[in-house]
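Okay, handing you the structure first.
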Amino acid sequence: MYDYIKLVEKSRLVHYEGDQSAQTADFLSRMYAPVDYCIDFAKQAGWSKPLVLYEYIYAMVNVPGAIKEYIDVFYEYLVLMGGFCWEWANHNKEGEEYIAYGGDFGDDPNDGNFVMDGLCFSDQTPTPSLVEYKNAIEPMQTLSIDGRKVTIIYLYDFISLYHLRCHWSIVANSWKELYVDWQTRRLHQAKSHAIGVTWEVKGGIVEIVSKGRVEPPVLNWSVDTQTTFRLGGMAIHVRVPATPRGPLLPKSFVRPFWFLPGACGLRACAVVRPGTWRELPGQEAEPGVWQLGGRAGFAGLDGAGFQALRCSTADLDESAHPYELRRRNRDDTVAHLDWFYHGLGTGSCGPATLPQYQLRTDGEFDVEMVLEYGAWAGKRA
């Protein structure tokens with residue numbers, strides 16, 4: 001077949017992913033090859049044909065991770081042609097009142113939500129994945145700023161930069177430093193109160209149970225605790241279940257500000273426009289699927305962020321479609337302060353998160369958070 005195609009149409013390129021050695025194709029092809037595989041391939045000598053990723057950056061559920069890393073190695077090594085994003089848009093059956101997928105039509109067997117893997121939602125509006133990809137492949141990018149020097153990379157092959165105009169502006173938070181006296185705010189009075197203590201000995205093991213309450217100097221909010229100490233042998237076991245008491249953040253109270261607009265996760269923030277941005281909880285949900293992601297919200301603390309949601313993580317986990325989640329909308333706001341996020345990859349059908357962006361439990365860590373009292377003066381919306 002390859003010989004016949006070349007006989008009748010010499011200029012036509014032939015691609016066949018099944019031919020791993022490209023004996024009957026004009027370039028080598030791989031599906032969902034990791035970044036390090038591409039680098040190792042490019043460093044090997046003797047390749048007479050380039051490599052193309054037949055499919056990569058699988059855009060299912062969340063923003064694919066490592067898009068920028070892929071694009072960088074494509075430009076660094078000439079033997080790497082690039083790749084085809086999978087895929088352009090989510091699939092949908094016309095006429096439904098909600099976006100349905102495998103199993104919603106009584107079909108069995110089915111692929112479940114495996115068709116919800118597009119760079120666009122089913123209504124053809126762009127997902128955060130498409131915005132991230134667009135910024136990763138821009139032909140002109142700012143690499144660094146050092147004092148008054150700006151380093152720009154230029155990736156056009158046949159045209160100059162004369163058709164472009166550069167606009168710049170200084171973005172700064174228009175706020176003043178606010179000092180709050182620790183004792184004036186009665187923060188020194190936040191204490192742990194012991195309500196009752198019991199103890200008993202069973203089989204040579206001493207068990208002490210202390211019921212208590214941790215509370216700030218307010219009347220309507222506290223955390224009830226029950227600390228259990230079990231002493232036996234050479235070990236002390238401590239268990240502390242806790243139950244918050246009192247109201248959460250009211251719907252009318254929350255006015256969060258973000259440092260970056262749009263969905264943001266570790267290794268998925270190529271579209272960065274720093275500043276202060278305001279959205280009410282619930283507005284940040286994308287139209288096709290609700291996505292659990294963070295917002296960059298802690299200046300100077302890499303990896304930290306926060307979420308302000310109208311639903312709990314259990315609500316998100318138990319809802320298979322957006323309309324099911326909307327039924328669970330709360331009147332209060334669930335706020336999460338996140339020290340670090342496990343980065344994004346394409347593990348649903350492709351490589352997992354790159355090692356440098358993984359949040360692992362087998363390494364040392366150092367947690368730092370800064371909570372400042374006061375309202376921000378950001379005006380962006």
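Just so it is clear, none of the values below were taken in a lab; they were calculated from the coordinates. Nothing here was measured: the structure is a model prediction, and the numbers come from that model. Cβ: placed from backbone, ideal geometry, glycine included. Neighbour counts: every protein chain shown.
For 8, 35, what ranking results if the residue with the fewest other Cβ atoms within 10 Å of its Cβ goes first?
8, 35
Then there's this: Once the Cβ-Cβ distance between residue 143 and residue 314 is put in as r, and R0 is 51 Å, what FRET efficiency do you end up with, to the nearest 0.05?
0.75
Mind sorting 333, 24 by how few other Cβ atoms lie within 10 Å of their own Cβ, fewest first?
The order, fewest Cβ neighbours first, is 24, 333.
If you don't mind, another one. What's the exposure ranking of 193, 15, going from fewest to most Cβ atoms within 10 Å?
Lowest to highest Cβ neighbour count: 193, 15.
If you take every residue apart from residue 33 with its C-beta less than 13 Å away from the C-beta of residue 33, what net charge results, scoring Lys and Arg +1 and Asp and Glu -1?
Residues near residue 33 contribute -4 overall.
So, one more: Residue 315: net charge of surrounding residues, Cβ under 14 Å, Lys/Arg +1, Asp/Glu -1, itself excluded?
Neighbourhood net charge equals 0.
Let a ≥ b ≥ c be the square roots of the eigenvalues of the Cα gyration tensor of segment 1-48; is it rounded (a/c under 1.5), or, if not, prolate (a/b larger than b/c) or oblate?
It comes out prolate by the Cα gyration axes.
If r is the Cβ-Cβ distance from residue 153 to residue 181 and R0 is 51 Å, what FRET efficiency results, to the nearest 0.05?
0.55
Between residue 188 and residue 3, what is 0.36 nm times their sequence separation minus the Cα-Cα distance? Round to one decimal in nm.
Going from the current span to full extension adds 58.3 nm.
Name the shape class, rounded, prolate or oblate, that the alpha-carbon gyration tensor gives for segment 1-142, where a ≥ b ≥ c are the square roots of its eigenvalues, rounded holds for a/c under 1.5, and otherwise prolate holds if a/b is larger than b/c and oblate otherwise.
oblate
Now for a different question. Beyond 25 Å between alpha-carbons counts as too far, so tell me which of 10/49; 43/149; 10/43; 6/43 fall in that bin.
Long pairs (Cα-Cα over 25 Å): 43/149; 10/43; 6/43.
Taking the Cβ of residue 226 as the centre, find all other residues whose Cβ is under 11 Å away and add up their charges (Lys, Arg: +1; Asp, Glu: -1).
+2
Could you check the simple spin-label distance between residue 335 and residue 47, using points 7 Å along Cα→Cβ, in nm with one decimal?
The answer from the label model is 5.0 nm.
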